[in-house]
Amino acid sequence: GWVNDKALNNPGCIIHLVGRTVADVRDVMLRGESGILAHALDEFQPVYTPSIRSVNWPNGSSALTFSADAPDQLRGPQSHYTWADELAAYPQRPDTSGLTIWDQIEISTRLGERPQILATTTPKRTTVIRDLFARAATGDSTFLVQGSSWENRSNLSKEYMEYIFNRYAGTHLER
């Protein structure tokens, strides 16, 4: 929803879509049941062209897709907005320049008066996630929004909820 909203309300903007793998971008971020294509307004449907890794909306807004497996792809391209999905699952090894994929995302999201990055993830105790939590705590321009599986239960099967809560009851994952 955030990506479609940015594309709609900022005609001609450039968006980067970064997933853990090329398949994740295609199958989850774009074509998934909660993806960009499923949630675009009928009159504002983007066209996805996998062969050139692009998404184009009717008002001239566009997106390029990237895989976290290839951080160097983000050297050069720039955007107004970036959606980084499943950030905690990204490999955080530096590329040949010494930068991680997160570093490249922050550097490449630089256009316009208020460039923004949306990072969505199931959290893991990684350096990048700890850093984002720390930045959010300082009151800088990083905002943290959290939700639990319990809050998402209307979108999940009853059987799944029973299984997952019984399986992880009393563990740090439940907390």
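The values are calculated or read from the model by the stated rules, or taken from the named source; none is laboratory data. Because the structure is a prediction, the values reported are computed rather than measured. Cβ atoms come from the backbone with ideal geometry, glycine included; neighbour counts cover every protein chain shown. Surface accessibility is based on the protein's heavy atoms, side chains included, excluding ligands, DNA and RNA. Shrake-Rupley method; radii C 1.70, N 1.55, O 1.52, S 1.80 Å.
When you scan segment 58-80, how many residues do you find that are outside any strand (DSSP E or B), open to solvent by less than 30 Å² (accessible area, probe 1.4 Å) and touching a strand residue (DSSP E or B) at 6+ places or on another chain (Cβ under 8 Å)? Outline the logic, then answer.
Narrowing segment 58-80 to residues outside any strand (DSSP E or B): 58-61, 68-78, 80.
Okay, now just the ones that are also open to solvent by less than 30 Å² (accessible area, probe 1.4 Å), so 61, 68, 71, 74.
Next, from what is left, pick out any that are touching a strand residue (DSSP E or B) at 6+ places or on another chain (Cβ under 8 Å): 61, 68, 74.
The number of residues fulfilling the criteria is 3.
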Q. Could we say that Arg93 is exposed (fewer than 13 other Cβ atoms within 10 Å of the Cβ) and closer than 21 Å to Ser141 by Cα here?
A. no
Q | Glu43 being more than 29 Å from Phe133 (Cα to Cα) and acidic (Asp, Glu) | A | yes
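Among the residues of segment 80-105, which ones are acidic (Asp, Glu) and more than 13 Å from the chain's Cα centre (by Cα)? Step through it out loud before you land on a result.
Keep residues of segment 80-105 that are acidic (Asp, Glu), which gives 85-86, 95, 103.
Hits for segment 80-105 are Asp95, Asp103.
Output the residues belonging to segment 124-140 that are at pLDDT 90 or above and either over 16 Å from Ala88 (Cβ atoms) or not polar (S, T, N, Q) (or both). Quick ask: steps written out before the conclusion?
At the first step, the residues of segment 124-140 found to be at pLDDT 90 or above are 126-138.
Listed by number, the residues that qualify are Val128, Ile129, Arg130, Asp131, Leu132, Phe133, Ala134, Arg135, Ala136, Ala137, Thr138.
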Q. Within segment 28-46, how many residues turn out to be under 13 Å from the mean Cα position of the chain (by Cα) and open to solvent by 40 Å² or more (accessible area, probe 1.4 Å)?
A. 2
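Here is a yes/no grid of residues against (1) in a helix (DSSP H, G or I); (2) out of contact with any Lys or Arg (no Cβ under 7 Å at 6 or more places or on another chain); (3) at positive phi:
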residue: Thr82; (1), (2), (3): no, yes, no
residue: Pro91; (1), (2), (3): no, yes, no
residue: Ser97; (1), (2), (3): no, yes, no
residue: Gln104; (1), (2), (3): yes, no, no
residue: Lys124; (1), (2), (3): no, yes, no
residue: Arg130; (1), (2), (3): yes, yes, no
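In segment 15-24, which residues are part of a helix (DSSP H, G or I) and closer than 15 Å to Ile101 by Cα?
Residues of segment 15-24 part of a helix (DSSP H, G or I): 22-24.
If the condition is that a residue be part of a helix (DSSP H, G or I) and closer than 15 Å to Ile101 by Cα, then Val22 is the only one that fits.
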**Q.** Tabulated pairs, segment 1-22, first without any contact (Cβ under 8 Å) to a residue 60 or more places away in the chain, second small (Gly, Ala, Ser) and part of a strand (DSSP E or B), C-beta under 7 angstrom, 6+ apart or interchain
**A.** Thr21/Ser67; Val22/Ser67
Q | Residue that is least open to solvent (accessible area, probe 1.4 Å) [pool: residues in segment 102-123 that are touching a Ser or Thr at 6+ places or on another chain (Cβ under 8 Å) and either at pLDDT below 95 or not hydroxyl-bearing (Ser, Thr, Tyr) (or both)] | A | Ile105
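Identify all residues within segment 132-166 that are of a type in the set (Ser, Thr, Tyr), outside any loop (DSSP other than H, G, I, E, B) and open to solvent by less than 100 Å² (accessible area, probe 1.4 Å); write none if there are none.
Within segment 132-166, Tyr160 is the sole residue that qualifies.
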